[in-house]
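Enquirer: First the structure, which I've put down as structure tokens, then a few questions once you've had a look.
The values are calculated or read from the model by the stated rules, or taken from the named source; none is laboratory data. All values derive from a computational prediction rather than experimental measurement. Cβ sites come from the backbone with ideal geometry, for glycine too, and all protein chains shown count toward neighbours. Heavy atoms of the whole protein, side chains included, go into the accessibility calculation; ligands, DNA and RNA do not. Shrake-Rupley method; radii C 1.70, N 1.55, O 1.52, S 1.80 Å.
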Amino acid sequence: MTNSEKNRLKDKAFQVFGVFCTFIGLVVLAIFLIDILIEGFTRIDWEFLTNLPSRRASRAGILTAWVGTFWILILTSVIAFPLGISAGVYLEEYSKKNRLNSFLEVNIANLAGVPSIIYGLLGLEIFARVMGLGGSLLAGALTLSLLVLPIIIVTTREAIKAVPRSIRDASYALGASKWQTTWNQVLPASFGGILTGIILALSRAVGEAAPLIVIGALAYVPFVPTSPTDEFTVLPIQIFNWTSRPQADFLVNAAAAIIILLLITFILNGIAVYLRNKWQNKVKW
Amino acid sequence: MLYLTSSISRLGAALALGGTLLLTACGGNQEGGSDLTGSIQIDGSSTVYPITEAVAEEFRAEAPKVRVTVGVSGSGGGFKKFSRGEIDITNASRSIKESEAAVAKENSITYLELPVAFDGLTVVVHPENDWVKDITVAELKKMWEPAAQGKIKKWNQIRPEWPDKEIHLYGAGVESGTYDYFTEAIVGESHASRGDYTASEDDNVLVQGVSTDPLALGFFGYAYYEENKAKLKAIPVDDQNEENGKGAIMPSIETVKDGTYAPLSRPLFIYVNSKAVARPEVVEFVNFYLDNAGALSEEVGYISMPDEQYEAQKKKFQEFAAGTPVAAAQQ
């Protein structure tokens, strides 16, 4: 066997291995989705979406849970996006290379790896107790904001990094200030990438149960929250609660709630992908 | 009381419950329940949660303007919040610990413990296991105590006539009240056991484990056995105390209720904060709880206490709510 033949064989082998790796993830996901769909799909009807929690699996609904999830998502977006994007812009465009800033950078990267339950304990102490917010939507959203901030900051920075130096130079050459350059050139050009970060952040936030349980989010809430200071429950807590019940009917409910949760995630991602494509088509150099 | 049927048939329980509610609705309440407003915050054990959820659900028909919310942060998490005065009532699948009671005392919180139902911790093996016909508490201790770690690995180490095969243990996770109760009852010391067993806070995971492992032995709440009878085999337990039933006793609604399934039948509690009972909606709710806990606990898979016990608890609570020092000094 000649050397080039050997290399070609290696190439082929890696290709097969790569396909195998790609499919493992997809196949497992597909099995999970099909299983959940078979078990839960028929359970979803209007009543399931509009009923309050109940001890009878057949009458239990997820109204308060999905409304709570939407509240949390909106509040978390409102709190975390401006903070995260601003921090990313600062670190990438303004900060000087000094020890304080590299210290900040290392820590933000580390924060992305902290287990979510730790954020829950932090939120319980600071937001629920010291700030006196209790187990309210606001306390939950603030806690999840902390949780997703590192993701937004890191992806914002990556997106900004990808904007060519020449764009900034051209802007400066025309007499634009740093702020004008950032606002009118850099941010629009990197917005597609930033949106990707936002998708990741929201998808993370939507599935969290543990930190919210710690700050005092509830399982049985018989009213729809109407203000950020109201108590709440979210879909993942309802799912967690139902999967641990002995009666098989509750497991079906859990599967149905998982489908709704996935649907919310897919819709959110869909919106973000749509916005990103629209935005990217606009930016032409 | 007709509604305390010993059968747990869903239909029976549901019909009986309907009857009870009708009765309470017609009977009316001293306070004129439906006008009550306010909110009641409950948290704690996820084991007790289904009962409290059921009571809260029915209470909504009684007093629609009262906002009752229930969390599931666990017996320990619930006591933490309860002893800081952050919640009115906490669900607990074990009694309050000394350390938790000390915190409550520091914050000058007095409280009342009310048992609301029973659960029978059920010892189970795989259905193909044909050698275990019964087990004694001493044998359970031998396999679960801390000293067993790494040493007790085969069935015949526990009883010589059992086969020379590995034993695989499945049990509640160390954070759960179930674990605390089991270790207290079997090992003799709360929170002490071997560490080399498959632990899960989710009983459905344990059901899954035992039902797929022919060499398994595990324990969990009676409802999980009842719902999965086809894939599990329950083992009668002998506490070698003839006073409460002779020989090995199988867990069942009757044996748990009459106390012969010892020591693994455990009471489930709610704890009520004395400051909260100054509010009429809390008093109403707790009374409603004790009136309906029997029927509702059976409906969600637990075992009700005898009628006279609910009456006794109600009396205890009324004294407590009236501020009688005897009751307030409980615990």
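Enquirer: Roughly speaking, what is the stretch gain from B:Glu243 to B:Ala192, that is 0.36 nm per residue apart minus the C-alpha to C-alpha distance, in nm to one decimal?
Expert: That works out to 15.6 nm of additional length.
Enquirer: Related question: List the trypsin sites (Lys or Arg not before Pro) within the range A:9-90 that fall in a DSSP loop (any state other than H, G, I, E or B) and whose Cβ has at most 16 other Cβ atoms within 10 Å.
Expert: A:Arg56, A:Arg59
Enquirer: Follow-up question, since we're still on this one. Within the set of other residues whose C-beta is less than 15 Å from the C-beta of A:Ile151, count the net charge using Lys and Arg as +1 and Asp and Glu as -1.
Expert: Within the 15 Å Cβ shell, the charges total -1.
Enquirer: Express the C-alpha Rg of the protein assembly as shown as a ratio against the empirical globular expectation 2.2 N^0.38 Å, rounded to two decimals.
Expert: Rg over 2.2 N^0.38 Å, computed on Cα atoms: 1.13.
Enquirer: Counting only protein heavy atoms and using a 1.4 Å probe, what share of the accessible area of the range B:122-263 belongs to carbon plus sulfur, as a whole percent?
Expert: 48 percent
Enquirer: Continuing with the same structure: Show me you know the interface measure: the accessible area buried between B and A, both chains summed, probe 1.4 Å, in Å² to the nearest 100.
Expert: By this definition, chains B and A bury close to 2500 Å².
Enquirer: Which distance in Å, rounded to a whole number, links the C-alpha centroids of the range A:149-189 and the range A:50-117?
Expert: 24 Å
Enquirer: Can you give the relative contact order of chain B as a percent, counting alpha carbon pairs under 8 Å and 6+ residues apart? Don't jump to the answer; show the numbers that get you there.
Expert: Numbers: 639 pairs, mean separation 83.2, N = 331.
Result for chain B is 25 percent.
Enquirer: Related question: Quick one, what does Rg over Rh come out to for the range A:1-123 if you take C-alpha atoms and the Kirkwood Rh?
Expert: 1.19
Enquirer: Hey, another quick one. Relative contact order for the range B:122-263: what percent, with Cα pairs under 8 Å and sequence separation of 6 or more?
Expert: Across the range B:122-263, relative contact order equals 33 percent.
Enquirer: Next question, about the same structure. At a 1.4 Å probe, which residues in the range A:223-248 are at least 20 Å² less accessible with all protein chains present than in their chain isolated?
Expert: For the range A:223-248, once contacts with the other chains are taken into account, A:Phe223, A:Glu231, A:Asn241, A:Thr243, A:Ser244, A:Arg245, A:Pro246, A:Gln247 lose 20 Å² or more.
Enquirer: Right, another one. Test of the criteria: in the range B:185-256, which GluC sites (Glu not before Pro) are in a DSSP loop and have at most 11 other Cβ atoms within 10 angstrom of their Cβ?
Expert: Here the sparse-neighbourhood loop sites are B:Glu189.
Enquirer: Obtain the nm distance between the two label points defined at A:Val224 and A:Trp46 by a simple spin-label model: each point lies 7 Å from its Cα along the Cα-to-C-beta direction.
Expert: 1.4 nm
Enquirer: Then there's this: Tabulate in residue order the Karplus-calculated ³J(HN,Hα) for the range B:119-134, using 6.51 cos²θ - 1.76 cosθ + 1.60 with θ = phi - 60°, rounded to whole Hz; enter x for Gly and Pro.
Expert: 10, x, 5, 10, 8, 10, 10, 5, x, 7, 6, 9, 9, 8, 9, 7
Enquirer: Report the paramagnetic label zone for B:Ser39: residues of the range B:64-104 whose backbone N is under 13 Å from a point 7 Å from Cα along the Cα-to-Cβ axis.
Expert: B:66-71, B:87-88, by backbone N distance to the label point.
Enquirer: Rounded to the nearest 0.05, what FRET efficiency do B:Thr212 and A:Ala176 have when you use their Cβ-Cβ distance and R0 = 51 Å?
Expert: After rounding to 0.05, the efficiency reads 0.15.
Enquirer: I'd like to check one number: the per residue accessible area of the range A:61-282, probe 1.4 Å, reported in Å² as a whole number.
Expert: Details: 9560 Å² over 222 residues.
Per residue, the range A:61-282 has 43 Å² of solvent-accessible surface.
Enquirer: So what is Rg over Rh here for chain B, counting just Cα atoms and using Kirkwood for Rh?
Expert: 1.00
Enquirer: Quick one: of the DSSP bridges fully inside chain B, what percent are antiparallel, nearest 5?
Expert: Here the share of antiparallel DSSP bridges comes out near 60 percent.
Enquirer: Using the Kirkwood formula on the Cα atoms of the range A:61-282, what hydrodynamic radius do you get, in angstrom to one decimal?
Expert: 18.8 Å
Enquirer: If you don't mind, another one. Please compute the modelled spin-label separation between A:Ala210 and A:Val106, points set 7 Å along Cα→Cβ, answer in nm with one decimal.
Expert: Result for the modelled spin labels: 2.6 nm.
Enquirer: Can you figure out the FRET efficiency of A:Leu26 with A:Phe70, using R₀ = 30 Å and their beta-carbon distance, to the nearest 0.05?
Expert: Efficiency computed from Cβ-Cβ geometry: 0.55.
Enquirer: According to the square roots a ≥ b ≥ c of the eigenvalues of the Cα gyration tensor, what is the shape class of the range B:174-258, taking rounded for a/c under 1.5, prolate for a/b larger than b/c otherwise, and oblate for the remainder? Intermediate values should be presented prior to the final figure.
Expert: Values: a/c = 1.79, a/b = 1.17, b/c = 1.53.
Oblate shape, in that a/c is at least 1.5 and b/c is the bigger or equal ratio.
Enquirer: Right, next: What is the calculated FRET efficiency for A:Ser86 to A:Leu37, with r their C-beta to C-beta distance and R₀ = 41 Å, to the nearest 0.05? Please report the intermediate quantities before stating the final value.
Expert: Working: r = 41 Å, r/R0 = 0.99.
Here the calculated transfer efficiency is 0.50.
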